[in-house]
Amino acid sequence: MQFLEITEEEYRKYWENHPLKAFLSAPEIGELRKSNGWDVYFVGVKKKSDVAAAAMIVSHKRHFGKYEFYAPRGVLVDYEDKELLNYFLKEIKKFVKEHHGYIFRMDPYVIYKERDIDGNIVEGGEDHSNVVSFLEEFGFKKVSIPEMEQVGWMFSLPLEGKSREQILKEMKPNTRNTIRKTEKIGITVKELGYDELDHFQNIMVETGERKNFSIRSVDYYQKMYELFHDKGEVKYYVTELDLVKYKEKLEEDKKIATQKLDSLSDAKYNDGQRKNLENEIVSYEKRIKEAEDIRKEKNTDVITLSGSMFMIIEPEVIYLSSGNYEEFMKFNSQYLLQWMMIQYGIEHGFKKHNFYGIPANINEHPKDYGIYEFKRGFNGIVEELIGEFELPITWHYYLIKFIHKIRK
């Protein structure tokens, strides 16, 4: 075995075919880091002339002239091959030290313990506790969940071998009905071009202010577009509602309900149906007025409801970022967006639709439990990754940790 720096082309070829392939370990993410002042290295282990393990490692100058080193989504290696893993990590440790690093971080795209839709551990299921034990024995320290840079708990819907009809049938009835309602009222989905990404940014800013989380600048979304869009690996969408067509549909539905009501006899057995139709008509009238008021207030015929950013890199479609205008959340347009991309994944042979981050403590019903509840409605499984780990390289690690603790 030989440890060495490899070319970006060698790394990409290995990454493309690796079972732990993730968008965060793509070479394009290295380019994104470079634009933010990071250095990027590609290293690997070769057996004869073949790459047997590889990693994209980024570094940034921090304190005392020392560098932080990080492998987004970990090193690409067979984590069950302890001899190879041990050799690779030892060589990386030497490499980091030689390049004035004080820490090496990584967050492997490796499932910790297989879980079901409710987050319960599946008996006899996938279990990589041994990988965690190995890393800790090697000298890595596990990072607490609030301190992790990337998502550690996800919710995913397996697509492999499933039809559109089967997936729709297995959804929660409320989710399925909501999707049908969004289709019925005429919500449409529009893909944004590079020059339109400020529309997505505006939605994210409004959502961030409401939910109290920080938002990336439009430069980030533009850079991701530049890096991934030509290959179809990133897409930005907004949902829209044509208020004129929406109002026309409501008026037609009201007319049908009114005709049904008028056709009913005065017989007592029609009382229940009569009451339901009367309530329907009142609801239509309320929504017609609401559509008129929105059109007047916004001075537009078409309103934007929500937006989402998807990473589309085999084997998964990832629901990476999204936001909604609060005043239009009642239209539930995100349900339509998810269903559209689930169908895209089925049609193009993706293995799963990854709804991405959920709270780690879902069984305790945290304040953001609704995020999980929304995603759970589509059916799927909870995925817990083994987490983030950091390896102290020099004594500066402990000093810098102490400084950060004091600052906090």
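Throughout, read-outs are computed from the coordinates displayed, never taken from laboratory work. Note that this is a predicted model, so its numbers are computed, not measured. No Cβ is skipped: glycine too gets one built from the backbone with ideal geometry, and neighbour counts run over all protein chains shown.
Applying 1/(1 + (r/R0)^6) with R0 = 30 Å to the Cβ-Cβ distance of ILE215 and ASP81, what FRET efficiency is obtained, to the nearest 0.05?
Numbers: r = 41 Å, r/R0 = 1.36.
That gives a FRET efficiency of 0.15.
Converting phi to 3J(HN,Hα) with the Karplus coefficients 6.51, -1.76 and 1.60 and the offset θ = phi - 60°, segment 338-346 yields 4, 5, 4, 6, 5, 5, 4, x, 5 Hz in sequence order, with x at every glycine or proline.
Going by a ≥ b ≥ c, the root eigenvalues of the Cα gyration tensor, does segment 244-293 fall in the rounded group (a/c under 1.5), the prolate group (a/b larger than b/c) or the oblate group?
On the way: a/c = 4.60, a/b = 2.40, b/c = 1.91.
Cα axes put segment 244-293 in the prolate bin.
Would segment 52-201 count as rounded, prolate or oblate if I go by the C-alpha gyration tensor, calling it rounded below 1.5 in a/c and otherwise prolate when a/b exceeds b/c, oblate otherwise? Can you show the working numbers first?
On the way: a/c = 2.87, a/b = 1.62, b/c = 1.77.
Oblate is the answer for segment 52-201, as a/c is 1.5 or above yet b/c matches or exceeds a/b.
According to the square roots a ≥ b ≥ c of the eigenvalues of the Cα gyration tensor, what is the shape class of segment 265-408, taking rounded for a/c under 1.5, prolate for a/b larger than b/c otherwise, and oblate for the remainder? Prolate shape, in that a/c is at least 1.5 and a/b is the bigger ratio.
Please identify every one of the GluC sites (Glu not before Pro) in segment 50-85 that sits in a loop by DSSP and has no more than 16 other beta carbons within 10 Å of its own beta carbon.
Details: sites: GLU68, GLU80, GLU83; in loops: GLU80.
Here the GluC sites (Glu not before Pro) that fit, given the DSSP loop and packing criteria, are GLU80.
Give a quick list of chymotrypsin sites (Phe, Trp or Tyr not before Pro) in segment 229-277 that DSSP marks as loop, anything other than H, G, I, E or B, with at most 15 other Cβ atoms within 10 Å. Show your work: numbers first, answer last.
Details: sites: TYR236, TYR237, TYR246, TYR269; in loops: none.
Filter output for segment 229-277: empty list.
The 3J(HN,Hα) values that the Karplus relation (6.51, -1.76, 1.60; θ = phi - 60°) gives for segment 136-153 are, in residue order, 5, 5, 5, x, 6, 10, 6, 8, 5, 4, x, 8, 5, 6, 10, 4, x, 10 Hz. Gly and Pro appear as x.
Just add up the charged neighbours of LYS169: K/R +1, D/E -1, any other residue whose Cβ is under 14 Å from the Cβ of LYS169.
On the way: positive: LYS162, ARG164, LYS172, ARG176, ARG180; negative: GLU165, GLU170.
Net local charge, LYS169 excluded: +3.
Using alpha-carbon pairs under 8 Å, 6+ residues apart, how would you state the relative contact order of segment 1-137 in percent? Mind dumping the intermediate values first?
Numbers: 211 pairs, mean separation 26.5, N = 137.
Relative CO of segment 1-137 lands at 19 percent.
Computed as a quarter of the hull surface, the mean projected area of the alpha carbon convex hull for the chain stands at 25.0 nm². Over the chain, DSSP H runs of length four or greater, each weighted -39,500 (n - 2.57), average out per residue to a 222 nm ellipticity of -13500 deg cm²/dmol.
Across ILE303, ILE203, ILE312, mean-square fluctuation computed from a Gaussian network of the chain (C-alpha pairs under 10 Å connected) peaks at ILE303. A full extension of the chain between SER163 and ASP195 corresponds to an added length of 7.9 nm, given 0.36 nm per residue minus the alpha carbon distance. Where Lys and Arg each count +1 and Asp and Glu each count -1, what net charge lies around PHE134 among other residues with Cβ under 13 Å from its Cβ? Charge balance near PHE134 sits at -3. Distance between the pseudo-spin-label points of THR7 and ILE117 (7 Å out from Cα toward the beta carbon): 4.9 nm. Restriction of the trypsin sites (Lys or Arg not before Pro) in segment 1-48 to DSSP coil positions whose beta-carbon has at most 13 other beta-carbons within 10 angstrom yields LYS48.
Once the Cα atoms are used to define both axes, helix 197-211 deviates from the longest principal axis of the chain by about 90 degrees. Helix 218-228 versus the longest principal axis of the chain: what is the Cα-based angle in degrees, 0 to 90, to the nearest 10? Between helix and principal axis, roughly 70 degrees.
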